[in-house]
Amino acid sequence: MEYAKKMLVIANWKMNPRSIEEAKVLASEVKKHSKVSPHVEVVIAPPSVFLGEVRRACGPKFLLGAQDVSSEKLGAFTGDVAVSMLESVGVSHIIIGHSERRAQGESDESVAKKVATVLKTSLNAVVCVGERERDSHGKYFGFVEEQVRSALRGVPGSKLTQVVIAYEPIWAISTSSPGARPATPEDAHEMILFIRKIISDLYSRASAEKVRIIYGGSVDQKNIQTLLEGSGAQGFLVGGASLRAVDFSMVIKTIHAF
C-alpha cells in the first residue's frame, strides 16, 4: 500500500524559539542527535522567518515544512506568505488548518482554498482535522467528517499522493492544560480508520491508500512506542517535544526501530 511505504514525522515548532540564533542552534542539535533512515521522512516546520536559516542548518538530512500559507498567489495581502515563496526556499510540506489557526477563525472554506492552492504545485498539503471534545453520542465523527470532506472538495484523485491528513484531537493537545488528557492508541486508531473510510467513499479504496494519515496531539518520547503499536498512524505531528532536540531524536529513533 502506497501510504505505508514511509513514516512521516513533522516537527511543528509553532511560534518558537525566540530568535534566529536559537533556531539555528535547535536545528543543528536536531541534526546532530537524529538518525534518519530511508523509511522515515522527517520534516522541520519552523516559523516562516526562520525557514532559510533552518534549511541551511539542517542541510539535506531533513525536509522543510511551513506552518501556514496564503490561498492567494501574490499581491496586496499584507502579512500573507504565498506558496511560490515557500517553494522557492525549499519547503516541501505545508501545514494547513491546524487547530490553533482554526481557533483564530480559520474556516473549513479557507482551509479548502489553501489546500487547492498548494496542490496546484508539487508541494504536499498536511491537512489538520480533529474534534474539540468527544461526546457520548458520537457527534464528533460528523464534525471530523465535515472537515475532511470540505478540505478534499474538488481535489482530483491524481493529487491524493500530495495529501497528508493529520488527525489532532484538540482535547489531547497540551495535556498540561486543565481537563486535557492524552489520546490512547485506540482513540487514534478509531478515527484513522474512520478518516480512511471517508476518503474511500469520496474516491476509492485504492485512492484512499495513497493518503498518509498521521496523528498529532502531545506526541513525545514517552508515548511514541504505544502509539506506533496501536494507532495505525503512518506518522506523527510533534509539537512541544520537537523543541527538545534529544527528546525529538528519541521519537525518530523509536519510529526508525519499529
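Some observations on this one:
- Screening the stretch 182-258 for helices (runs of 4 or more DSSP H) wholly inside it with 3 or more residues that are on the phi < 0 side of the Ramachandran plot, among the charged types (D, E, K, R) and surrounded by fewer than 19 Cβ atoms within 10 Å (Cβ to Cβ) returns the ranges 185-202.
- With respect to being modelled with pLDDT of 95 or more and either polar (S, T, N, Q) or more than 21 Å from Ala208 (Cα to Cα) (or both), Glu133 falls outside the description.
- Residue in the stretch 5-26 that is under 14 Å from Lys61 (Cα atoms) and either modelled with pLDDT under 95 or out of contact with any strand residue (DSSP E or B) (no Cβ under 9 Å at 6 or more places or on another chain) (or both) present: no
- Selection status of Lys61, surrounded by fewer than 16 Cβ atoms within 10 Å (Cβ to Cβ), under 22 Å from Pro156 (Cβ atoms) and not acidic (Asp, Glu): no
- Filter result for Pro38 (closer than 14 Å to Ser242 by Cβ and either touching a residue at least 60 places away in the same chain (Cβ under 8 Å) or not aliphatic (A, V, I, L, M) (or both)): no
- The helices (runs of 4 or more DSSP H) falling completely within the stretch 71-118 that include 1 or more residues that are over 16 Å from the mean Cα position of the chain (by Cα), of a type outside the set (A, V, I, L, M, F, W, C) and modelled with pLDDT of 95 or more map to 83-88, 108-118.
- Residue match in the stretch 7-17 (condition: within 26 Å of Ala82 (Cα to Cα) and among the aromatic types (Phe, Trp, Tyr)): yes
- Every listed requirement among (1) touching a Pro at 6+ places or on another chain (Cβ under 8 Å); (2) surrounded by fewer than 21 Cβ atoms within 10 Å (Cβ to Cβ); (3) under 16 Å from Ser249 (Cα atoms) is met by Glu29 save one, (1).
- Subset of the stretch 180-217 (residues that are among the acidic types (Asp, Glu) and over 14 Å from Leu228 (Cβ atoms)): Asp187, Glu190, Asp201, Glu209
- Pair list, Cβ < 6 Å and 6+ apart or interchain, from the stretch 81-107 residues that are more than 20 Å from Leu123 (Cα to Cα) to residues that are assigned to a helix (DSSP H, G or I): Ser99/Ile170
- Taken over the stretch 179-193, the criterion of being of a type in the set (Asp, Glu) and at pLDDT below 95 is satisfied by Asp187 alone.
- Residues (modelled with pLDDT under 95, in a loop (DSSP other than H, G, I, E, B) and either among the aliphatic types (A, V, I, L, M) or closer than 15 Å to Phe194 by Cα (or both)) located in the stretch 136-160: Gly138
The values are calculated or read from the model by the stated rules, or taken from the named source; none is laboratory data. Predicted, not measured: the structure shown is a model, and the values here were computed from it. Glycine gets a Cβ as well: all are built from the backbone with ideal geometry, and neighbour counts include every protein chain shown.
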